[in-house]
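Novice: Here you go, one structure.
The values are calculated or read from the model by the stated rules, or taken from the named source; none is laboratory data. These numbers come from a predicted model, not from an experiment. Note that we place each Cβ from the backbone using ideal geometry, even for glycine, and neighbour counts take in every protein chain shown.
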Amino acid sequence: MIKQFVPSEVCLKCQGCCRFKELSSVWSPCLLDEEIISLIDKEGIPAASLSIDRRLNLIPAENKEGFLCPFLKKGENKCQIYHMRPFECQLYPFLLSMRDKKILLTVDLNCPYVKDKIKSPEFNEYVDYLARYLNSPKQLCTLKENPQVIQAYEDVLGVMELESNDAS
Ligand code: SF4
Ligand code: SF4
C-alpha cells in the first residue's frame, strides 16, 4: 500500500473522489492486472463489472448527477474495498501521465488539500517518498506490465519524471 498524503479524516469529509462527471471517464480507476484477479477472487465481483479497458464500470448517481464508483458506500462516503483499493486510488491526488513518451508523476490540484499544501515541506517530502517508491525495481516492473495506469490526463501539474520511460 502507498503511504497516503491526504489524511483520511479530510477525505471522509470531502466529496471530491470516487464520483465522476461522465460514464466513460479517464479519471475513473483503471486497475492493475493483479488487482482485477484479486477483486474477482476475493470480493467475488463479476468480470462483467469491469470494462474492456480494465476500469470499474461506474453506476449512475442517485441524484442523477454524474456517476459513482460501484465500491463507494452510499451515505457514508467510504470505500467498501479500502483495504485493497486500487493502486490509482492509493496514488490520488497524484497520477501517472504519459507525455512525450515519458512517464511523469503529476498532481491534480482539484484536490483542495494538495492545492493548499503544494508549497509545503510535507509536499516535497511526500514527493521524495513517491519517487523512491515508484522508481523501485518492483514498481517499475509493475508499471511496465500495466501501461493502462499511465494515462493522458489534462490539467494536471507535472512533479517529476520516473526513471523508466519504456512502459508504453
Ligand atoms: S479530492 Fe483530495 S481531499 Fe477530497 S477526497 Fe479526494 S484526495 Fe481526499
Ligand atoms: S475503489 Fe474505493 S477509493 Fe477507488 S474510486 Fe472506488 S470507492 Fe473510491
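Novice: With the requirement that a residue be closer than 14 Å to D53 by Cα and either within 8 Å of ligand 1 (Cβ to nearest atom) or not hydroxyl-bearing (S, T, Y) (or both), what does segment 1-35 give you?
Specialist: Listed by number, the residues that qualify are L23, V26, W27, P29, C30, L31, L32, D33, E35.
Novice: In segment 71-111, which residue that is more than 15 Å from ligand 1 (Cβ to nearest atom) and without any contact (Cβ under 8 Å) to a residue 24 or more places away in the chain is surrounded by the most Cβ atoms within 10 Å (Cβ to Cβ)?
Specialist: Q80
Novice: So K3 clears everything in (1) at pLDDT below 90; (2) outside the structural domain of G66 (by TED's automatic domain parsing) except one condition, right? Which one?
Specialist: Of the numbered conditions (1) at pLDDT below 90; (2) outside the structural domain of G66 (by TED's automatic domain parsing), the odd one out for K3 is (1).
Novice: Hey, does segment 26-48 have a residue that's touching a helix residue (DSSP H, G or I) at 6+ places or on another chain (Cβ under 7 Å), under 29 Å from E145 (Cβ atoms), of a type in the set (S, T, Y) and in a helix (DSSP H, G or I)?
Specialist: yes
Novice: For segment 21-48, give me the residue count where each residue is at pLDDT 85 or above and more than 13 Å from the chain's Cα centre (by Cα). Give the steps one after another, and end with the answer.
Specialist: We begin by selecting, within segment 21-48, every residue at pLDDT 85 or above; these are 21-41.
Imposing the further condition that a residue be more than 13 Å from the chain's Cα centre (by Cα) reduces the set to 21-24, 33-34, 36-41.
Matching residues across segment 21-48 total 12.
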